[in-house]
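The next block holds one structure in the form of structure tokens; read it before the comments.
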Amino acid sequence: MGWFEKYFEFERYGTDMKTEVLAGVTTFMTMAYILFVNPSILSNAMGKEAFNSLVAVTALAAGISTIIMALYARKPFALAPGMGLNGYFTYSVVLGMGYDWRVALAAVFVEGLIFILLSVTRVRSAVIHAIPLSQKYAVGAGIGLFLTFIGLNDVGLITAATDKGVLLFTELNAHALISKPGLLFLFGLLLAAILIAHRIKGALLISILTTAVLGWITGVTPWPSHLFSTPDISYTFLKLDFRGLLNIGALGVIFAFFMVDFFDTLGTVTGLSAKAGYLTKDGKVPDAEKVLLTDAIGTTLGALLGTSTVTTYIESAAGIEEGGRTGMTALVTGLLFLGIGLFIAPLAGAIPSFATAPALVIVGYYMMSTIKELDFSDPAEAIPAFLVIMSIPFTYSISVGIGLGFISYAVIKAFKGEWRDVHPLMWVLAVIFALYFAYLGGAF
């Protein structure tokens, strides 16, 4: 154990092996729902026959990326295919824009390569430091609402893209609430909330499995034929289609993936660093380049395996809360993903959407908690943040929300006479988004 204690600097961070191992187990228990939820979302884009492969790919991408984080960056941060990012992959790029999922994977791969370049040159960390805190917090909250929207849509409580806009509890879908799946969804949601209120570790995983078992017992959904199987990733492994990227529209897809991933990661890394006590007095993240490079490598690796963007997970906060402060926490989490997640495809495939939907809603709750950090007494900060939070779920696009926030922040600050408070990189980003919106609108 001496090597581990020395390499991960236990003494420096005031921790020990027992604390780190327990923190790693806690992070895994808190994140393990992704083994069920990510395949459920991505299989809508790739086809239901991709599900088993996606379970193994999710476990591999999460396990390997988290172990890299442990050994290279030496931080207690775990990685996995990102919530919100997988939704963007499925509902915006594939189902919305009509791109084949293989082309979308190629776009994720290219995005990862760009991130590797930007991380090595430290451009990515420079941009992170340039974005105001209000915008960072707003992006997290907006993505939280987006995930909640997807969760409610999965069980038919919300219907999007109708002639009346977004419908909630209308005559068209009120029956979904009192159906057996709807009632089981409510049970799962309340169970997760109660467990979280009691600070029970792994609350989301417990809720998913308990709700699924009730669904099996009541006959709402069939029992799994078996629980474990040999992993098979052949359906998605190295299935990238780069030919589909050879047009101007695909460049917009890459850019959108880039922006969504960029700001999702920056908010998560900043929040986790603050919780772990890493932030410097001026709010910077120590070793940000190593953390971001690991994140970029995870994205590239995930695309090769066959999953949407891999990113640092806010659920890592659960392990940090348990005292995890070093890469040993992440090492334990990564090993658990590889040791358990690779073999549970049959179990994951039998988990119905009404069991996973509550997890999406609760993750939305967690991400919405960043609102408390916003200063609503300053309209120049709060209004652009509000536009981000509001527009991400309403436009069904994370990148659109981020763009509206950045543009409005720069413009409002300028007309308030505080243009010097806007970092030059923020002006650059605002212009890039304005050009991107002009392209989407057909201006050129």
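Computed over protein heavy atoms with a 1.4 Å probe, the accessible surface of the range 1-98 works out to 34 Å² per residue. Each Lys or Arg adds one and each Asp or Glu takes one away; over the other residues whose Cβ falls under 13 Å from the Cβ of residue 68, this sums to +2. Across the chain, Cα pairs under 8 Å and at least six residues apart give a relative contact order of 35 percent. GNM on the chain, alpha-carbon springs under 10 angstrom: the most fluctuating residue among 294, 230, 370 is 230.
Within the shell defined by Cβ-Cβ distances under 10 Å, the residues around residue 15 carry a net charge of -2, with Lys and Arg each +1 and Asp and Glu each -1.
Within the listed set 15, 300, 218, the residue fluctuating most in the Gaussian network model of the chain (springs between alpha-carbon atoms under 10 angstrom) is 218. Database remark: amide H of residue 80 closer than 5 angstrom to the amide H of 311, 313 (H placed geometrically; neighbours at sequence offset of 5 or more, or on other chains; Pro and chain starts carry no H). Given (1) 1.26; (2) 1.02; (3) 0.95 as candidate values of Rg/Rh (Cα atoms, Kirkwood Rh), which corresponds to the one derived from the coordinates? The value matching this structure is (3).
Where in the chain are the DSSP H helices whose alpha-carbon span along the long axis reaches 27 Å or more and whose Kyte-Doolittle mean is at least -0.5?
Taking the DSSP H segments of the chain (at least 27 Å long, mean hydropathy at least -0.5), we get 101-120, 133-154, 248-276.
Quick check: net charge around residue 410, other residues with Cβ under 14 Å of its Cβ, Lys/Arg +1 and Asp/Glu -1? In short, 0. Since only 50, 32, 95 are under comparison, the one whose Cα sits farthest along the positive direction of the charge dipole of the range 1-99, derived from C-beta charges on Lys, Arg, Asp and Glu, is 95. The magnitude of the dipole of the chain, with charges of +1 and -1 set on the Cβ of Lys/Arg and Asp/Glu and taken from the Cα centre, is near 200 debye.
Taking a straight Cα-Cα cut-off under 19 Å and skipping sequence neighbours fewer than 8 places away in the same chain, the aspartates and glutamates within cross-link reach of residue 48 are 100, 154, 232.
Estimated at 0.36 nm per residue, the fully extended path between residue 217 and residue 100 surpasses their Cα-Cα distance by 38.4 nm. Nonpolar atom fraction for the chain, defined as the carbon and sulfur part of the 1.4 Å probe accessible area, stands at 68 percent. Residue 226 contributes about 90 Å² of solvent-accessible surface, heavy atoms of the protein only, 1.4 Å probe. Cα-Cα over 19 Å: which of 18/201; 201/290; 75/372? In this structure, 201/290; 75/372 lie more than 19 Å apart at Cα.
The values are calculated or read from the model by the stated rules, or taken from the named source; none is laboratory data. Everything numeric in this text was worked out from a predicted model, so none of it was measured. Positions of Cβ are generated from backbone atoms using ideal geometry, with glycine treated the same way; all protein chains shown enter the neighbour counts. With ligands, DNA and RNA removed, areas are computed over all heavy atoms of the protein, side chains included. Shrake-Rupley method; radii C 1.70, N 1.55, O 1.52, S 1.80 Å.
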